[in-house]
Amino acid sequence: MKTPEGRELVALFYKHSAEALSIIIKNPEIMTQCKANLKHIVPIIASALNHNKNISLRSLSLNENILLAIKAKASPTLKKDLLKIIWNVKKH
């Protein structure tokens, strides 16, 4: 990752991926939303990787509703970090 934000996002992914995945798997509505969002963001990520470009949080169009749905079922630590991600997306 080239930016501090990117490095932080990757660190948060590794820190919380097991819990977030468990929440997604147990909640079909969240799973459906995640699948739809992935169809949108995977090509953006692939293009950036192929052209060695940075990816902004805004360009990923992270769906705040998905993050809030996961937050509603998350541990206190994950809730705190999801709020940080939502704030960073809004900031940009």
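Only the coordinates and a few stated rules stand behind these numbers; no lab work does. Source: prediction; values computed, not measured. Positions of Cβ are backbone-derived with ideal geometry, glycine not excepted, and every protein chain shown enters the neighbour counts.
For the reader, a short list of remarks on this structure follows.
- Shape analysis of the chain based on the Cα gyration tensor places the equivalent ellipsoid semi-axes at 22, 16, 12 Å, largest first.
- Legend: distances between Cα atoms for Lys15/Lys35; Lys53/Lys73; Lys15/Lys91; Lys53/Lys80; Lys53/Lys79; Lys35/Lys90; pairs beyond 26 Å are Lys53/Lys73; Lys53/Lys80; Lys53/Lys79.
- Label-point gap, in nm, between Thr77 and Ser17 - each point 7 angstrom along Cα→Cβ: 1.6 nm
- The mean sequence distance of close C-alpha pairs (under 8 Å, at least 6 residues apart), as a share of the length of the chain, puts its relative contact order at 32 percent.
- FRET efficiency for Glu29 and Leu49, using Cβ-Cβ distance with R0 set to 22 Å, rounded to 0.05: 0.15
- CD proxy at 222 nm, helix term only [per DSSP H run n ≥ 4: -39500 (n - 2.57); per residue of the chain; nearest 500]: -26500 deg cm²/dmol
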